[in-house]
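Here's the structure we're looking at; comments come further down.
Bear in mind these aren't lab numbers, they're just calculated from the coordinates by the rules spelled out. Model, not experiment: these values are computed from the prediction. Ideal geometry is used to build each Cβ from the backbone, glycine not excepted, and the neighbour counts take in all protein chains shown.
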Amino acid sequence: MTPTVPLFLLLLGLIGAQATLDQRMAAAMAAGLCKTRPTDLVFIIDSSRSVRPSEFEQVKVFLTNVIDGLSVGPNATRVGVVNYASRVKNEVSLKTHRSKAGLVKHVSKIEPLSTGTMTGLAIQFALNVAFSEGEGGRAKSPDVSKVAIIVTDGRPQDNVKEVAQRARDAGIEIFAIGVGRVDMSTLRQMASEPLDDHVDYVESYSVIEKLTKKFQEAFCETVSDLCATGDHDCQQVCISTPGSYKCACKDGFTLMDDGRTCSACSNAAIDTVFVIDGSKSVRPENFELVKKWINQIIDKLDVSDSKTHVGLVQYSSTVRTEFPLGRHNNKKDLKDAVKKMEYMERGTMTGMALRHMVDSVFNIAQGARPGVQKVAIVFTDGRSQDYIGDAAKKAKDLGMKMYAVGVGNALESELKQIASEPIAEHYFYTADFKAMSQIAKKLQINVCNGEEDPCECDTLVKFQKKVETALQALNKKYILYGE
């Protein structure tokens, strides 16, 4: 029996070594000391009719999370996305995006095809087209990895075994992820060896995110701090992040859409979300005034694909996103969408609305842009029926600029909880809905004054000092409180 003891100690040693390796990997990722080796990565995602729209959204969140851990760039990881059902659509080419921000935005806009399940056809398309040099694939080299990640939830209606073998023979490493009632034998036919490392199964799309860490670690190479070594293309400030780095700008400069260069002009991109109280106390005729008030503010915004994006949330006893950020990027479409908003007419769950705004609306997967100033304009006409403190604090801790506008029975204490510092510049109250139009006229969001240089505009979306004077001049029957 004596050999048992050394064997036992050897096993303990192996387990301990693996634990140490895992700890080092986790620490490296947490410290931003991971870099993905040059890789051509193509996601092949099933959007057949068995994949419900909400489930397809969860797949896009999974893709976004994996991408977030990559070093995206022409000389690092290039990412493509192939969408398939009965037909195949090349959603993102390997040559399309040089920055992570643009890539994530594109992924968020992919729509399901909702027909059959031709997985073999999709693999053949990836082999012939998606990985081709014409679409941005790099020439076969030991220095560049070729990886395909297939996500599917059903049994394919065509043959996958032979085409998957051809793809692997061409040097493409295939990971196969199955969901729900997927055919496991098909996954094994597609995946590379060893199968234990290349085949994954999850019970439903709601838990697919748990695979994120696996793929982030699979692509992670422990390296020195990329910012410290200068292995980045940031124009001004480099910040290490898990798996990569991100760029930032010095005070007085704004990060541009390419995610790396900085502009001295502060009239740059803003994501603005209106959070509107649609409770029964507002009343239908006043709700129409609220919609006009929103459109007055939209008239002041520099709305475009590259500048200001606007989202709209209405809440009562429930919360509803009327339209997400980036859906309408011109003033006419925005204002038309606001006019079509239907009045909810129930309770006042302001805290729930703030949580929805933070977790869902200002979410990259839902159209929010990384590195862009986030601004919320919260309107309410009464006391909240739930607690708002935690959600309001979280929003401000995440760097969101919060404005609170109260009418009628709105509580001054709640408005102050919502508003950013300095509070006096970020909340307003009026006793009458008709006075809201006066407030809207004074909102200075990304607007230049007269003939001033546009670069003097205030991109942090604050009420200008002149607003205080203008508001004091309003009719005395409109009681406006400041701090």
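What is the Å³ per residue value for the convex hull set by the Cα atoms of segment 38-220? Before the final figure, lay out each step's value.
On the way: hull volume 18.0 nm³, N = 183.
With only Cα atoms used, segment 38-220 gives 98 Å³ per residue.
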Exercise for review: Hey, could you get me the Stokes-Einstein D for segment 297-341, Kirkwood radius over alpha-carbon pairs, 10 °C and 1.306 mPa s, rounded to whole µm² s⁻¹?
Suggested key: 145 µm²/s
**Study point:** Cβ charges +1 (Lys, Arg) and -1 (Asp, Glu), total dipole of segment 38-220, debye
**Key:** 460 debye
Revision key, fill the gap. Percent relative contact order for segment 38-220, counting Cα pairs under 8 Å at least six residues apart, stands at 25 percent
Check your understanding: Considering only Cα-Cα distances, which of the following residue pairs are longer than 30 Å: K100/K396; K250/K332; K146/K213; K105/K416?
Key -> K250/K332; K105/K416
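Rounded to the nearest 0.05, what FRET efficiency do E217 and S141 have when you use their Cβ-Cβ distance and R0 = 30 Å?
Details: r = 24 Å, r/R0 = 0.79.
Using R0 = 30 Å, I get an efficiency of 0.80.
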Review point. Label-point separation (nm) for K394 and R87, each offset 7 Å from Cα along Cα-to-Cβ?
Key: 4.1 nm
Practice item. Tell me the label-point distance for the pair T261, D333, using the 7 Å Cα-to-Cβ offset, in nm and rounded to one decimal. Key: 2.6 nm
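Taking the number of other C-beta atoms within 10 Å as the exposure measure, put E57, E414 in order starting with the fewest. Present the calculation step by step, with values, prior to reporting the outcome.
Working: E57 16, E414 22.
Placing the least packed residue first, the sequence is E57, E414.
Within 10 Å of each residue's Cβ, count the other Cβ atoms and sort R87, R181 from fewest upward. Can you show the working numbers first?
Values: R87 13, R181 9.
With the sparsest Cβ surroundings first, the list reads R181, R87.
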Check your understanding: Rounded to the nearest 0.05, what FRET efficiency is calculated for R188 and E57 with R0 set to 30 Å and r the Cβ-Cβ distance?
Key -> 0.60
